[in-house]
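Just so it is clear, none of the values below were taken in a lab; they were calculated from the coordinates. The model shown is predicted, which means the values in this text are computed figures rather than measured ones. Neighbour counts run over all protein chains shown; Cβ positions are idealised from the backbone, glycine included.
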Amino acid sequence: METPVVSNMNKATQMRAATNQKLIEIGEREHLKELLRANLIDCGRKDQLKAHCKEDFKTGKDLRNISD
């Protein structure tokens, strides 16, 4: 029997996968990624995010949940 926490995680994972699949099917995933990139650049956060990711990689932080 699954605990409520595990069940909620499974539902969240399923919802994330379904949403991602739908975005790919309708061609919006790449468009949203480009909008995010543009906004990160505009507000100067891209460099901060890049530095944060590099630090996580160097310290061996769990990278299994990282996607494009």
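What are the semi-axes of the equivalent ellipsoid of the range 4-59, taken as the square roots of 5 times the eigenvalues of the Cα gyration tensor, listed largest first and rounded to whole Å?
Details: eigenvalues 141, 82, 15 Å².
Its equivalent ellipsoid spans semi-axes of 27, 20, 9 Å.
Taking the Cβ of Ala17 as the centre, find all other residues whose Cβ is under 13 Å away and add up their charges (Lys, Arg: +1; Asp, Glu: -1). Don't jump to the answer; show the numbers that get you there.
Numbers: positive: Lys11, Arg16, Lys22, Arg29; negative: Glu25.
That works out to +3.
Report the number of Lys pairs in the range 4-59 whose alpha-carbons are under 28 Å apart, with separation of 8 or more residues or on distinct chains.
For the range 4-59, the number of qualifying lysine pairs is 12.
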